[in-house]
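Here, each number is a calculation from the coordinates, and none is a lab measurement. Bear in mind the structure is a predicted one, so any value in this text is a computation, not a measurement. Glycine gets a Cβ as well: all are built from the backbone with ideal geometry, and neighbour counts include every protein chain shown.
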Amino acid sequence: MFNTKIIINMKVYSTKDIRNIVLLGHSGCGKTTMAETMLFEAGAISRRGQVEEGNTVSDHYNVEKERGNSVFSSLMHVGWKDSKINIIDTPGYDDFVGEVVSALKVADTAVMILNSTQGVEVGTELVWEYTERFKTPLIFAVNQLDHEKANFELTVDQAKNRFGNRVTVVQYPFNAGVGFNSIIDVLKMVMYVFPEDGGKPEKQSIPEGELANANTLHEKLVETIAEYDEDLMEAYFETGALTEEQMTKGLKLSMLNHKIFPTFCVSSINNMGTGRIMGFLHDVAPAPVDRPYLTVSADEIVCSESGEQVLFFFKTLSEPHLGEISYFKVVSGSVSSGDELTNARTNNGERISQLYMLNGKTRINIDKLNAGDLGVVVKLKDTKTNDTLTQKGSSLVVEGIEFPDARIRTAIIPPSKKDFEKIMVGLNQLQKEDPTIVVEQSKELSQTILHGQGEMHLAMVKYRLEKLYNVELEFTEPKIAYRETITKRAQTSYRHKKQSGGSGQFAEVHMVVEPYFDGMAPPNDLNVRAEQTLDLEWGGTLKFLWCIVGGSIDAKYQNAIIKGVMKTLENGPMTGSYARDIRISVYDGKMHSVDSNDMAFMLAASHCVRTAFEQASPVILEPMYDIEVLCKDDVMGDIMSDLQSRNAMIMGVDADGHYQKIKARLPLRLLYKYSSRLRSLSQGRAKHIRTFAEFSKVSREVQTELVAAHQQDSVEV
Ligand SMILES: Nc1nc2c(ncn2[C@@H]2O[C@H](COP(=O)(O)OP(=O)(O)OP(=O)(O)O)[C@@H](O)[C@H]2O)c(=O)[nH]1
Ligand SMILES: [Mg+2]
């Protein structure tokens, strides 16, 4: 049995020697493989595992081993020279983007891996947007250069096209493709030649034939570095060059401002190139001290060991037999086992029992962690993602992570009452661990709706619930929140009369119903005495006009009549959906001095609207969504025809870098499982986002089907 030997390093590092990096990139670009190689290269493991074999340090959960890709972000660390590099490997599928966003909160540099056989991929773009938003210093690592289809130039061209000239070549491969073993470094002006099984390269002079090219790239690099700093620019003009120290300073500064994305070469699988990246992270890349945190009141917390004790929690995860593991960054000060801290959200005390560093699933006891470092603690009482722990009385609260809104939804098939309770307990816990999950009890749809980032994300919720809480969860298509309205004017009356024993009930109401729109003129055949505009909770308007002449209905019944109208609007006559955008003018009626009361008028009004509604050419409205599909050229045709087969209205197709962006509008009804459909149509090379656009009339046929389905449901109930 293969066993990855973790070599334990329990050294406590000072803030200045800590680097935190996050590995980012499209699924399959090689993040987990690179993490493994970094661990091996730095001597943190004695053998390298492989993703396919399910024995990497990072992909240690069964679900990851089964699937062959990362699902959770994974925290690891290595000692490199005199520094400690904390490495967070993230999943590339955007279903798990929550893991990326939380990792970005604590990383000081992002390493964006590009697959040199694929170039810039959809997943690259999506996570790059986050680094741009958070201004996370970024380096590119062009990976898989050993592959026969590796194309470094095209990959860099695509990156420049998409991310601008900030993409700055520091290295290029001498012999990409099968047999790849040499990298030319235009910062150090040297060629690294690797032994067959990778590892430490031999430094050689740049071959004659490459010198001109290497010199041009070196010049370009130096110029770019000098460009962002006046002192450096001056030095560059004076001497025509920069010292190594000046280059380091300039690179760091421009990385911090997101002005330069230094670009490196790697073959992770062959263990070539990661050592140089770690060297760069050690020598040049921004450190925790360079990236102060903001508090909720916009004050800066500078990362310093001598500062106030501040721990920020960026992730929690439950593990069977272990309980909840809470991941934190020491934002300032330091933390030791046994410290008593206070949770700023609850104001309750939390004791840090035992501190750990992680290498995947291996926990390493450590007594103390200094500002800038990442660690975990188990069995906290009530501390969750985005919480700050400080010393009692401190007012520092770190600004939380803003997680992306949910993108897709599914309904849960109601289980037995006992299981439902178990499911809710489980979902609550999972939601606490993964804030990109949203659970909604929809009164309107009478369904429990689970919102998430993608179908894979929801499938993972199901998997975890079954494994951790031993409860089955079945999904079904969520109902659609239809709306009903009318399209023409109708005039009706209704008499409610009941004689039961002593006192009876009597009310008669006459009304005109019309489709309502903003700026509608008052009716010219009626005398409006009073009016009320109600913004309906479910969207749209009810305009109510009181046009009674000659006191046929007393004004005191006005509210009861509105209530009756609302009752019908809450339960539309065709499908039981909410009705909207209706103007109702009550212009006549009758009352009885003894038998009339609020209840009678409510019932009369409710029936009256229902009858009028049916005569006013009612229609069903459905939610329409605007979607934006980002895809590569070669899959656009299939995606377009699929959209057309769904009757989508194509609103435009624009080239976006080397991608196509298709904009279309279509009913939510036809979007169920669309992200899976898109994944299979494009082999994972397309993504979509959706936003609610408007309510729009359904076709006659759909309306007939929906009404029939509702009648069927009502009979079954
Ligand atoms: N030829 C070659 N294959 C590589 C290299 N790096 C990774 N791979 C392969 O690419 C596949 C995906 O690698 P992973 O490391 O799992 O990719 P990842 O980025 O972690 O993927 P996700 O976890 O899904 O985001 C695996 O089959 C690796 O063996 C490389 O440098 N060269
Ligand atoms: Mg991975």
Put one equal scatterer on each alpha carbon of segment 83-238, apply the Debye formula with no solvent term, and list log10 I(q)/I(0) at q = 0.16 1/Å to two decimals. -1.08
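Which whole-number value in Å³ per residue fits the convex hull of the alpha carbons of segment 302-390? Each step should come with its number before you reach the end.
Values: hull volume 7.5 nm³, N = 89.
Looking at segment 302-390, the number lands at 85 Å³ per residue.
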Note down the Stokes-Einstein diffusion coefficient of segment 181-267 in µm²/s, whole number, using a Kirkwood radius over alpha carbon pairs, 10 °C, and 1.306 mPa s. 113
Kirkwood Rh and Cα Rg combined as Rg/Rh, segment 568-717: 1.19
Sorted largest first, extent of segment 422-484 alpha carbons per principal axis (Å): 42, 22, 19
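What does the convex hull of the alpha-carbon atoms of segment 484-616 project to on average, in nm²?
Details: hull surface 31.4 nm².
For the Cα atoms of segment 484-616, the hull's average projected area reads 7.8 nm².
What shape does segment 15-173 take by its C-alpha gyration tensor, where a ≥ b ≥ c are the square roots of the eigenvalues and a/c under 1.5 counts as rounded, a/b above b/c as prolate, and the rest as oblate? List each step's numbers first, then the result.
Values: a/c = 1.33, a/b = 1.21, b/c = 1.10.
In terms of gyration-tensor shape, rounded.
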By DSSP, what percent of the beta bridges with both residues in the chain are antiparallel, rounded to the nearest 5? 80
Straight-line reach from Lys188: which aspartates and glutamates have a Cα under 18 Å away, not including same-chain ones fewer than 8 places off? Glu202, Glu208, Glu210, Glu219, Glu223, Glu244, Glu245, Asp283
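State the three equivalent ellipsoid semi-axes of segment 375-431, derived from the C-alpha gyration tensor as the square roots of 5 times its eigenvalues, in descending order and whole Å.
Working: eigenvalues 209, 60, 16 Å².
Those come to 32, 17, 9 Å.
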Surface/4 estimate of mean projected area, convex hull on alpha-carbon atoms of the chain, nm²: 40.1
Spatial extent of segment 174-332: Rg and Dmax, with the Cα atoms as the point set, Å: 20.6, 65
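Students often check this: by mean Cβ neighbours within 10 Å, which of 556-568, 31-43 ranks highest, and how do the rest follow? Numbers along the way, then the final one.
On the way: 556-568: 20.1, 31-43: 26.2.
Descending packing order for the listed peptides: 31-43, 556-568.
Direction-averaged shadow area of the convex hull around the Cα atoms of segment 313-446, nm²? Intermediate results must be reported in sequence, preceding the final value.
Working: hull surface 41.5 nm².
Its Cα hull, projected and averaged over all orientations, spans 10.4 nm².
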Return, ordered by residue number, the residues of segment 599-621 whose backbone nitrogen is under 13 Å from a label point located 7 Å along Cα→Cβ of Val707. 613-621
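Taking every DSSP beta bridge with both residues inside segment 17-291, roughly what % is antiparallel (nearest 5)? Write out the running numbers ahead of the final one.
Working: 19 of 41 bridges.
Antiparallel bridges: around 45 percent, rounded to the nearest 5.
Would you mind checking the pairs Lys361/Lys467; Lys105/Lys200; Lys160/Lys200; Lys329/Lys379; Lys498/Lys590; Lys135/Lys249 and listing those with alpha carbons more than 22 angstrom apart?
Details: Lys361/Lys467 18 Å; Lys105/Lys200 32 Å; Lys160/Lys200 30 Å; Lys329/Lys379 17 Å; Lys498/Lys590 14 Å; Lys135/Lys249 18 Å.
As for pairs spanning more than 22 Å Cα to Cα, those are Lys105/Lys200; Lys160/Lys200.
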Strictly greater than 22 Å: what percent of every Cα pair in segment 549-636 meets that? 44
Taking N as the number of residues in segment 89-135, what is its Cα Rg relative to 2.2 N^0.38 Å? 1.10
If you place +1 on the Cβ of every Lys and Arg, -1 on the Cβ of every Asp and Glu, and leave all else neutral, what size is the dipole of segment 430-547 about its Cα centre, to the nearest 20 Debye? 560
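Sorted by mean Cβ packing within 10 Å, highest first, what order do the peptides 487-498, 691-702 take?
On the way: 487-498: 15.7, 691-702: 12.8.
Ranked by mean Cβ neighbours within 10 Å, highest first: 487-498, 691-702.
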